[in-house]
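Have a look at the structure below before the remarks.
The values are calculated or read from the model by the stated rules, or taken from the named source; none is laboratory data. Keep in mind that what you see is a predicted model, and the values were worked out from it rather than measured. Using ideal geometry, Cβ is built from the backbone for each residue, glycine included, and neighbour counts are taken over all protein chains shown. The accessibility values were calculated without ligands, DNA or RNA, using every heavy atom of the protein model including side chains. Shrake-Rupley method; radii C 1.70, N 1.55, O 1.52, S 1.80 Å.
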Amino acid sequence: MNFKVFTWLLVFCFSTTLMAQRPHRKKVAVVLSGGGAKGVAHARVLKVIEEAGIPVDMVVGTSMGSIVGGLYASGYKADQIDSLIRKQDWQSLLTDKVDRQSIRLDDRSNTERYMVSVRFDKNPFEVMEGGFLKGNKIGRMFSELTADHLDSIDFRTLPIPFACVATDITTGNEIDMHSGILAECMRSSMAIPGVFSPIKRDSMILVDGGLVNYYPVDVARKMGADIVIGVDVTSPTRDYKKLKSASTVLMQVLDLACANKLEENRKNTDLYIRVNVSGYTSASFTNTAIDTLLARGETAAREKWNDFMELKRQLGLPAGYVPETVKRKPKQIEIEPNTFEPVPSIYTVRKDASFVGIGARFDNEELATLMVGGAYEFNHDNHFRVGVEARLGKRLYTHLYTSINPWKNWRLRLLYHYALNDTKLYNEGDNIADLNYHKHAISLSLSRSWRQLSISFGTLYKYVHYDDLLTRSNWADFAQEQDNEGSLSYFFQMQYDSQDARVLPKKGMKWSVLYRYYTDNGYNFQGRGGVNTIEGYWNIALPLTPKTILTPFVSGRFVQNNNTHFCLVNFIGGIDTYGHYMPQQLPFAGINFIQSAPNELLFGGVNFRQYFTTNSYAFAVCNYGFAGNSFHNFIDTKNMIGAAIGAGYRTSVGPIELNLNWSNITRKVGAFFNIGYMF
């Protein structure tokens, strides 16, 4: 045998013997408990584990622990998960509320004025099937974040082996998931019973794994973990002094139900990290709570720094050892808009063209007001639907309408409107009349709508019948004798809306232009040619900072001649109340009530809004305008000045606001308080 070959064989055998005698490094598992919002703390704990240089050989989680753990195991680094958590709009993500930009413009107004509205396909009660929330938004997010693992796979093939826990409510058994579609398994593990709809998988109905194994250390041991680093974000049991509300009692019941195997698994943990979550619950998804919980997770992990260093020595790793989880490149997944198909089992695509809604509001001018309504779509092909809307309060009205799409994306709409108004009318700040009248209107329109733009044209017949007209001495200076009135008008309107919210938008632009040609017999008005009117508005929300919003605006309405027919007269009043009291009303800060105005109006101004917390804010509005009765001499007519300052709080059922205001029309300080959306 060649001497060189013999020498190489000896070296190979010797090195193989040494490697066989060298002990294998022990396997380290990270176990992340459930805990809802409290589980966001897991991200910062993983970040500290990375900094300490601890290798992670497997990850096991339940509920929120399965979400953070699944993302980490699939290739995301700890700081990426931290960033994902902080930038999410959790209040929206954990609801089924549809992004308004995904809804056609003419459909938005159907639901956005309501305090509560439910969209459905065939049955309004279908939204409660299996859970109050379908979880479509968060399901889609899971699909997007794990788009490279949308097929069923063995979780041992992930960059870090992974497992998560769910509960099969058909048997009550614990289901330890080591394979499948990653997004589906994560969604199953966090499906809180009664809150999120369960996930059907084979013959099982899967819900939150916390019901059977809140802190699954035993699952990690079965996977071959020699050392377990456990992160526990469970809340301590409340004593009788703290069980004073229905919510705290419910949370206590859930915590006790999830205590199965908890103490046993805690004792089976080698390096136990308990995060201080006092003061927070599973539902604490506000920005402030998220930031605090992330910070507490990091604090709890850094307190174990010496334990991490001791663990590295036990593992036989040098002080400067850098694990593969730190060396790997940040994971990036690019999703093409409108081409991504999320996992069907966690994202249900339905028409949801029907809805029911209820609204309520209170203000110091009209007091309490209630609105109910809904629409049902009988045929999804031609979008044939009928709808109703009713407003109850000092001003009563009812809308009955039906619509159909005779051509694709074109909507033909027939509407009947009845109103009974009891309204005080002001002029120059003085009450000049109490209007009590019935109004009947029939409208036929054809419209085309996109997501941000719509156009419509049609005809409107309106009849006003006065029951009781209590007038003041200067009424005659304002208007002619008010007999019953009828008018037939033709209109064309264009609208645009790219704003992120109907109320209190933080970005986007909105504008509308409406032209009408009024007649009383179809072709002329009171023996003369028809009357032309044009009205419109424009505003844009500009975020100067994340908490400072500046919204400049312009609005105006022009009537062709000095006619006092009630359907033509201009009215102004309110900060953001287009058509609130009367269809032809324009908002004007500084006037709370409905104020008569000249035939030509042009206003401009700015709204400044400063947020102090996520929902609390202060605002200031100022506007300046021209008003006159002859367009050729418009600039020389009356100047109008008004302003308002106030504060508000944004709630899920609408804003709560109080403002103080003044104008050179009223010449006094007024106050306006309202709760809820304007309608």
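Descriptive notes on the structure:
- Residue-wise HN-Hα couplings along the range 609-617, as the Karplus relation 6.51 cos²θ - 1.76 cosθ + 1.60 with θ = phi - 60° gives them from phi, are 10, 10, 8, 9, 10, 4, 10, 8, 7 Hz; Gly and Pro carry x.
- Taking all C-alpha pairs of the range 286-431, those more than 26 Å from each other amount to 67 percent.
- Derived scalar couplings ³J(HN,Hα) [the range 663-672; Karplus, 6.51 cos²θ - 1.76 cosθ + 1.60; whole Hz; x for Gly, Pro]: 8, 7, 8, 7, 6, 7, 7, x, 10, 9
- Using bins of 5 Å that start at zero, the share of Cα-Cα pairs per bin across the range 163-234 amounts to 3, 17, 27, 24, 17, 8, 3, 0, in whole %.
- Taking the Cα centre of the chain as reference, the dipole from Cβ charges on Lys and Arg (+1) and Asp and Glu (-1) amounts to some 1560 debye.
- Since only Thr288, Tyr321, Gly357 are under comparison, the one whose Cα sits farthest along the positive direction of the charge dipole of the range 280-386, derived from C-beta charges on Lys, Arg, Asp and Glu, is Tyr321.
- Extreme residue, positive dipole direction of the chain, given options Ser445, Ser109, Leu32 (C-beta unit charges): Leu32
- Taking the Cα atoms of the range 338-416, the ratio Rg/Rh between the radius of gyration and the Kirkwood radius comes to 1.14.
- The value for the range 547-591 of Rg(Cα) / (2.2 N^0.38 Å) is 1.38.
- Entries of Lys329/Lys506; Lys77/Lys547; Lys200/Lys329; Lys87/Lys304; Lys122/Lys547; Lys87/Lys408 with Cα pairs more than 32 Å apart: Lys329/Lys506; Lys200/Lys329; Lys122/Lys547; Lys87/Lys408
- Anisotropy class assigned to the range 483-608 is prolate, per the alpha carbon gyration tensor with a/c at or over the 1.5 cut-off and a/b larger than b/c.
- For the chain: relative contact order, % (alpha-carbon pairs under 8 angstrom, 6 or more apart): 11
- Short to long, the 5 Å bins of the Cα pair-distance histogram for the range 287-338 hold 4, 14, 12, 14, 17, 16, 11, 6, 3, 2, 0 percent of all pairs.
- Only Lys, Arg, Asp and Glu carry charge here, each on its Cβ (+1 for the first two, -1 for the last two); on that basis the range 375-458 has a dipole of about 380 debye about its Cα centre.
- In the chain, the convex hull through the Cα atoms has an average projected area of 40.7 nm², a quarter of its surface area.
- Within a straight-line Cα-Cα reach of under 14 Å, Lys331 can be paired with the following aspartates and glutamates, leaving aside sequence neighbours fewer than 8 residues apart in one chain: Asp79, Asp82, Glu144, Asp148.
- Using a cut-off of 23 Å between Cα atoms, the listed pairs Lys439/Lys668; Lys27/Lys222; Lys222/Lys267; Lys638/Lys668 include Lys439/Lys668 as exceeding that distance.
- Accessible area expressed per residue, the chain, with surrounding protein chains retained (probe 1.4 Å, Å²): 47
- Accessible area of the range 50-108 belonging to carbon and sulfur atoms, whole % at 1.4 Å probe: 50
- Over the chain: helical MRE at 222 nm, DSSP H runs n ≥ 4 each giving -39500 (n - 2.57), nearest 500: -6000 deg cm²/dmol
- Mean sequence separation of contacting Cα pairs (under 8 Å, at least six apart), scaled by the length of the range 181-234, corresponds to a relative contact order of 25 percent.
- Divide the volume of the convex hull around the Cα atoms of the range 566-679 by the residue count and you get 88 Å³ per residue.
- Under 17 Å of direct C-alpha separation, and excluding same-chain neighbours fewer than eight residues apart, Lys394 reaches these aspartates and glutamates: Asp363, Glu365, Glu366, Asp422, Asp434, Asp467, Asp468.
- Only Lys, Arg (+1) and Asp, Glu (-1) charged, at Cβ; the range 323-410 dipole about Cα centre in debye: 200
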